[in-house]
1. Collect the residues in the range 54-81 that are loosely packed, with under 12 Cβ neighbours inside 10 Å and of a type in the set (A, V, I, L, M), keeping them in residue-number order.
2. Looking only at helices (runs of 4 or more DSSP H) that lie completely in the chain, which have at least 3 residues being at pLDDT below 80?
Amino acid sequence: MRGDCSARLQPRGAAQQPIGELLGDLSRQLRAFKALVDTTISKWPSCGERLLGVHCCEDCNVWCGKLGLGIEQEGEIVLLTELLGLAPGAGR
């Protein structure tokens, strides 16, 4: 009987998916809802400033490097991988 209980308690679906696949799925869903750009963090090449939802500097027209998906939290722009405590590039 114990075997039945433990089998039912094991994680399924998303919990078993590698983080890269989860972030890829999230990106596809955001793209479908036309929200991918708004949730993508870019980094300005000259000063390293992070920008959320902006890929090109409006003043100098320089393209920024894409870092990944993220949010603004308490005035700071944070990557989802950072929130999850993962190493840089772990979700790629």
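1. V62
2. The helices (runs of 4 or more DSSP H) meeting that bar are 2-9, 19-32.
The values are calculated or read from the model by the stated rules, or taken from the named source; none is laboratory data. On a predicted model such as this, the values are computed, not experimentally measured, just so you know. Don't worry about glycine lacking a Cβ; one is built from the backbone with ideal geometry, like all the others, and counts go over all protein chains shown.
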